[in-house]
Structure formats: C-alpha cells, structure tokens
Amino acid sequence: MTFALDVITIFPEAVSDYARTSILGRAAAEGHWQLRTLDPRTMTSDPHRTVDDAPYGGGAGMVMRAEPLGALVEHVTDLARPVLALTPAGRPFTQADARRLAAGPGLTLLCGRYEGIDQRALDLVADEEVTVGDFVLAGGEAAALCVIEAVVRLLPGVLGNEASLDEESFAAGLLEYPQYTRPAVWRGREVPAVLLSGDHGAIAAWRHAAALARTRDRRPDLLAARGGLSAAERDLLAAHGLDDPPAGE
Ligand code: J9Q
C-alpha cells in the first residue's frame, strides 16, 4: 500500500528536493509512499497571485490568506486523511504521533509561512496544529520534513532489515547509549572495554546503564515521564559506577 502524502507549501521544491534524498527517496522509488506538493499560489485568481496579506489589527509581517488554502484542501486533498498544520503554536509532535500516522492511509501537511495562517483557514482545514520544537523558523517546510521522515521510516518495508524499531530510544522513552567504531584507541581515547569483550550479556547491561545515565543527565523530563528510576535501575547504574552525574554537567 502506498502512503499518500500531500504537502501544502509555497516552496514546493524545498520539500520535494529533500524528499528525493536518502531513505525518503528510496522509499518513494520502492512505492512505499508518494509525495504530492500543492502550492496555494495555484489557487489564486488575482493578477499578483497573492497568498498572503497584512494582518487585521495591524502589526509586522504578513498572514497566509484563507481562500487559497481552503480551495486546495477542499478541491485537491483527500479529506479522509488527517490534516496537520506545522505552526509554532501547535502541540509538540512526538514519536507516538509518527506511529499513529504511519498506521493510516496518508497525511496532509500544511506549511505556514510569514507571521501565521488566517485562523479561520486553520480551524476549517487542519485537524491539528503541531510544532517540532520551541524555536523560530521562517516557515513550516523544515518542520514538515521532520514529520515526513519520522512517519515514512515507520512504514512497513521501508527500513528493511535494519534494527527493530521497538529497540530505538524514543520508543523505550530513553536516549540511545553511546556508540563506537574502529579504531579501538583514537588519540589516546579508548573504547569502553566491555564493548570489546564479546560478552553479549555484559554489553547489553552496560548499554542499558549508559542509556539510563544519559537520560537522567540530559533529559530528566523523559525519565520523569516513565516514572523515574526503579530500584533495579539504580542498582544497575551503581554496578557500572554511573550512580552520580558526571561533575561539571
Ligand atoms: C511554521 N517556527 O517551528 C517549529 N516547529 C514548527 C515551527 C514553525 C515556525 C514558523 C512557521 C512552523
């Protein structure tokens, strides 16, 4: 089944260029998903094809007009699929959203630009507003690409025989453990000895401890969301000398 993804954007090439690269490009070539870009400018009838206008009430910047957006969503996109708008005022997009969307038939993403989108258009066409982080972008295109990559890599068949998706850090609510590759000593710095031991049980235990310690030190919010550290997890950290955060961090 081909996952149908529509992106409403006034910069269609910004989205389609990235979607041709790497895992996204291969997944499209293999028929797992199909991108369609929809430019609101094509739904304008005035000589200047205006997609934005000054905000009512005054203020800086321009607002995306409701009419071209409403026309696009009504006449072109499949309303049976969820419509997500990328806006700085949305709720945070999560891995759980990616999983839910990847289980469906497709998705429409609406990229805001300028200072925002006319709220009436958002109310009418968008099922949800989401953000990919608390920082300022010039528009929703880069955020839409984050959502696309998070969803498409979860579609059946896209990752092939790469590691099980359930083992990944956000799926488990923990950050990933640190990784190393050759050489075993680089500029005097050694790879943790356990990783060279061939003892797969010891390696798994070290990795679990390292993931817990990292999450505790860098993302206490993630640890709190899964109920903090259990007694067994505290023991595991202590057994690896990781029971205290490193000094200076
Ligand atoms: C449209 N800052 O930023 C982070 N996620 C989404 C956004 C965003 C923005 C401005 C316009 C999306």
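For this structure, a couple of remarks:
- The conditions of being touching a residue at least 12 places away in the same chain (Cβ under 8 Å) and surrounded by 18 or more Cβ atoms within 10 Å (Cβ to Cβ) are met by residue 68.
- Residue match in the range 102-121 (condition: touching a residue at least 24 places away in the same chain (Cβ under 8 Å), under 30 Å from residue 174 (Cα atoms), in contact with a helix residue (DSSP H, G or I) (Cβ under 6 Å, 6 or more places away or on another chain) and more than 14 Å from the ligand (Cβ to nearest atom)): yes
- Yes/no for residue 133 being more than 24 Å from residue 66 (Cβ to Cβ), more than 12 Å from the ligand (Cβ to nearest atom) and in a loop (DSSP other than H, G, I, E, B): no
- Some residue of the range 152-170 being under 19 Å from residue 37 (Cα atoms), aliphatic (A, V, I, L, M) and either within 13 Å of the ligand (Cβ to nearest atom) or not in a loop (DSSP other than H, G, I, E, B) (or both): yes
- When 76, 63, 125 are checked against the criterion of being within 30 Å of residue 156 (Cα to Cα), buried (at least 18 other Cβ atoms within 10 Å of the Cβ) and among the hydrophobic types (A, V, I, L, M, F, W, C), a single residue qualifies: 125.
- Neighbours by Cβ (under 8 Å, 6+ apart or cross-chain): first from the range 180-201, closer than 19 Å to residue 241 by Cα; second surrounded by 10 or more Cβ atoms within 10 Å (Cβ to Cβ) and of a type in the set (Val, Ile, Thr): 194/203; 195/203; 197/203
- Taking helices (runs of 4 or more DSSP H) as the structural unit, those lying wholly within the range 1-107 and holding at least 1 residues that are hydroxyl-bearing (Ser, Thr, Tyr) correspond to 12-19, 22-29.
- Residue 235, sole failed condition from (1) within 28 Å of the chain's Cα centre (by Cα); (2) part of a helix (DSSP H, G or I): (1)
A short reminder: the numbers here are calculations on the coordinates, not readings from a lab. Just so it is clear, the model here is predicted, and its values are computed rather than measured. Don't worry about glycine lacking a Cβ; one is built from the backbone with ideal geometry, like all the others, and counts go over all protein chains shown.
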